[in-house]
Amino acid sequence: MLVLDKPAGIAVHKGPKGGENLEASFHHLRFGLPRNPALAHRLDRDTSGCLVLGRHHKALEKLGLLFKQGKIDKTYWAIVEGRPEEDQGLIDLPLGRLDESRGWWMKVDPKGQTAQTEWHILSEGSGLTLLALTPLTGRTHQLRVHCAAKGWPILGDPIYGNRGPTQLQLHARTIEIPLYKNKEPVRVEARIPGHMRAALEAGGLSFED
């Protein structure tokens, strides 16, 4: 297994329109193995932070099962516009495709798939809040749609919020993977990237890195 600190602004794999992507460079990460590592999950192009790769087929199978069973704990940090009324809570809103012409864009849909996100406030500033988000399910754009639906969209979200002068402020902060039966989970933490650090400081939000 490898865990990368993915930069924002680059796709994890080649899309229909091509362009720069991380997968194109995975041959540099073989470290003696005959084949390239492969993605065990995905992050959006504009999301930074912890990205898990399996180094071989058996590893990918194991990681895929852990993700599917919900045994891998992920925590994201997000700067959102406004402030939730409470200090913590659970968002339980099913999600479905926005429409057939919008690719991966999603919406809250009573007939959609179950989607749940735990959250709590880490810091407050002038008109902005730093949240810790823990997705209990793994739906496409889940955190972005859930935050927007609650009235506090993620800062810089061009689809579900107001892009403004900054890029998406969503970071996969930590991931915990129970890789071995009789050992503690492997825990990896990604430092706050420069673009998010600048937004935190500009918004008067305190944080520990």
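The values are calculated or read from the model by the stated rules, or taken from the named source; none is laboratory data. Just so it is clear, the model here is predicted, and its values are computed rather than measured. Using ideal geometry, Cβ is built from the backbone for each residue, glycine included, and neighbour counts are taken over all protein chains shown. The protein model used for the area step is the full one, side chains on, heavy atoms only, and it has no ligands, DNA or RNA in it. Shrake-Rupley method; radii C 1.70, N 1.55, O 1.52, S 1.80 Å.
Could you list, ordered by first residue, the pairs with Cβ atoms under 9 Å in which the first is in the range 153-178 and of a type in the set (Phe, Trp, Tyr) and the second is open to solvent by 50 Å² or more (accessible area, probe 1.4 Å) and part of a loop (DSSP other than H, G, I, E, B), at least 6 apart or interchain?
So the pair list comes out as TYR160/TRP105.
Quick check on my filter: what residues within the range 82-95 are under 18 Å from the mean Cα position of the chain (by Cα) and either in a strand (DSSP E or B) or closer than 19 Å to ILE175 by Cβ (or both)?
Across the range 82-95, the qualifying residues are LEU90, ILE91, ASP92, LEU95.
If we scan the range 66-73, do we find a residue that is in contact with a Ser or Thr (Cβ under 8 Å, 6 or more places away or on another chain), under 23 Å from VAL186 (Cα atoms), of a type in the set (D, E, K, R) and in contact (Cβ under 8 Å) with a residue 60 or more places away in the chain?
Yes: one or more hits.
Just checking: which of the strands (runs of 3 or more DSSP E) contained wholly in the range 98-209 hold 2 or more residues that are open to solvent by less than 20 Å² (accessible area, probe 1.4 Å)?
Hits in the range 98-209: 116-124, 128-135, 170-177.
Which condition number does ILE91 fail, the rest of (1) open to solvent by 80 Å² or more (accessible area, probe 1.4 Å); (2) modelled with pLDDT of 95 or more being met?
Of the numbered conditions (1) open to solvent by 80 Å² or more (accessible area, probe 1.4 Å); (2) modelled with pLDDT of 95 or more, the odd one out for ILE91 is (1).
Which condition number in (1) in a helix (DSSP H, G or I); (2) closer than 19 Å to GLN142 by Cα is the one that GLU23 fails?
(2)
Within the range 32-47, restricting attention to residues that are without any contact (Cβ under 8 Å) to a residue 24 or more places away in the chain and of a type outside the set (Gly, Ala, Ser), which residue is surrounded by the fewest Cβ atoms within 10 Å (Cβ to Cβ)?
Among those that are without any contact (Cβ under 8 Å) to a residue 24 or more places away in the chain and of a type outside the set (Gly, Ala, Ser), it is PRO34.
Among the residues of the range 196-207, is any in contact with an Asp or Glu (Cβ under 6 Å, 6 or more places away or on another chain) and either under 29 Å from TRP104 (Cα atoms) or of a type in the set (S, T, N, Q) (or both)?
No, the conditions are met nowhere in the range 196-207.
Do you know which of the residues in the range 56-67 that are open to solvent by less than 80 Å² (accessible area, probe 1.4 Å) and within 21 Å of the chain's Cα centre (by Cα) is nearest to PRO158 (Cα to Cα)?
PHE67
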